[in-house]
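Here's the structure we're looking at; comments come further down.
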Amino acid sequence: MEFGITGVAAITVICWLSAQGIKAAGLDAKWLPVICGVLGGILGLVGQRIMPDFPAQDLLTAIAVGVVSGLAATGAHQIFKQLGKSDNADDGGEGR
């Protein structure tokens, strides 16, 4: 069974879902990137060990891939959050 880069995307999704659960539990949101990064690093190690075609073959690279994937979860969430906001500051009518 070949997973390849799909395993990296799975780490991102797992970290995002975990962050949403932690946020719903009431933890301060400032800790979510740290938690996602650490969780991603752990999942990167697990992925490297159990998936034969994981995109990282050594432990350090597997941790780095996991951390970046975990942090991508918070980054992607922030992108969608910022795109969803409407900028009402420009509606004030500059020059009036």
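Values quoted throughout were computed directly from the atomic coordinates according to the rules given, and no laboratory measurement underlies them. What you see is a predicted model; the values in this text were computed from it and never measured. Don't worry about glycine lacking a Cβ; one is built from the backbone with ideal geometry, like all the others, and counts go over all protein chains shown.
Observations on the structure shown:
- Kirkwood estimate for the stretch 40-85, i.e. one over the average of 1/r between Cα atoms, Å: 11.1 Å
- Evaluated at q = 0.20, 0.21, 0.25, 0.31 Å⁻¹, the base-10 log of the normalised Debye intensity for the stretch 1-52, with identical point scatterers placed on the Cα atoms, takes the values -0.68, -0.72, -0.90, -1.17.
- The Cβ shell under 15 Å around HIS77 holds other residues with a net charge of +4, Lys and Arg each +1, Asp and Glu each -1.
- When the alpha carbon gyration tensor of the chain is reduced to an equivalent ellipsoid, the three semi-axes, largest first, read 35, 15, 11 Å.
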